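The block underneath contains the structure these notes are about, expressed in structure tokens.
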């Protein structure tokens, strides 16, 4: 479970009536690449489901959240627009005022994107690796147009001895430069590649971390969960305003220590290395072409907490008896709107906790409404019969994801008495997260 506080849909750009200051460019915020658009450095804030921007003096300048943002992990400039990669692999294009232009689903279980001009590069995401086999004819990199349609392919994947590790072996970070060249840095391999605009391999660079490269190994612990043993090498890449390639990677196998390697894009030569301390989680390029660092927390702290925004769209749906239930029926109450489906295993874990939460707080101006996204009404009813929830269940009919743009189930939205979003909740995080949610609700129902 991940919780994101409600925030205003868009934040006004700060006044431009300030003296000119030396321009600094944010390259990486935590483990995500930033993008320079219109003189502002834009970066994702995944924990708060928003995008934020800082000016050349690293003052907070702009930002927004959206119901189309869940866990943004990377941002790239698509002309004057923002191309955002979601952790679950979707691409969403926004203008800098927070208006959603378009989005598309990933070709792989999860992808991450970079853009230059009217071309977009798509690779398997290093942020959400899944165990999945693929044929050895699958492309390493897909080239897309600005609508998300595949228009070309670069390279082919490497299939390891254990096919279920194929996604892991071929996941990585990607960026592009103004010439249309694509730079790919595998998550679990010590190499960085440059492909030109035609797809031809121009160079391969290495830090020399390993005497011999080996594929990740499959590990089966006693509990039976399948995991993999591998070294985290590359995490994120970006092209700086100086034209150099900046690569954020692990300085140890588990990436508990990080480093930034700076490469000459013409030759692939590593021209500088910066090892990062634990609190150096924002990497910045100063006007002299030197790297500076701050803590990501210090930059995020400059962004204001925003006003709550209205929940929407406001539903009108049937309950299990066929009666119409409207969002307006809950006016004056604190409301937890939960989206679920019978095929969602985490939903089965979550329902008993929601029932307990409802019994504890339902007499205190608090309600829960659980909206099923099942297409099969019979399976939905079987689920309800099994768990017998004490709160209202509504029939979404398989149309809820299209309406509310959530990335996975379960998904919940906590709404205040005035119909405004307090926070959005992604996934199921167990008893500890439900204890935090209960405290939030208990505090909210005390507010008249």
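Derivation of every value follows stated rules applied to the coordinates shown; laboratory data play no part. None of the values given here were measured: they were computed from a predicted structure. Quick reminder, even Gly has a Cβ in these numbers, built from the backbone with ideal geometry, and neighbours come from all protein chains shown.
In table form, for the structure just shown:
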quantity: Per residue convex hull volume, Cα atoms of region 85-165, in Å³; calculated: 90
quantity: Hull shadow area, averaged, region 298-378 [alpha-carbon convex hull, nm²]; calculated: 8.4
quantity: Helix 345-361 vs. the chain, principal-axis angle (Cα, 0 to 90°, nearest 10); calculated: 50
quantity: Degrees, to the nearest 10: 377-387 long Cα axis against longest axis of the chain; calculated: 80
quantity: Whole-number Å³ per residue for the convex hull built on Cα positions in region 316-445; calculated: 99
quantity: Neighbour-count ranking [beta-carbon atoms within 10 angstrom, fewest first] of 85, 362, 32; calculated: 362, 32, 85
quantity: Rounded tilt (10° steps) of 430-445 against the dominant C-alpha axis of the chain; calculated: 60
quantity: Gain on full stretching of the segment that runs from residue 145 to residue 319 - 0.36 nm per residue minus C-alpha separation; calculated: 58.4 nm
quantity: Counting all C-alpha pairs of region 238-302, share separated by more than 17 Å (%); calculated: 44
quantity: Value of [θ]222 nm, deg cm²/dmol, for the chain, DSSP H segments ≥ 4, -39500 (n - 2.57) each, nearest 500; calculated: -4000 deg cm²/dmol
quantity: 64, 327 arranged by Cβ crowding within 10 Å, fewest neighbours leading; calculated: 327, 64
quantity: Kirkwood hydrodynamic radius of the chain, Cα pairs, Å; calculated: 23.4
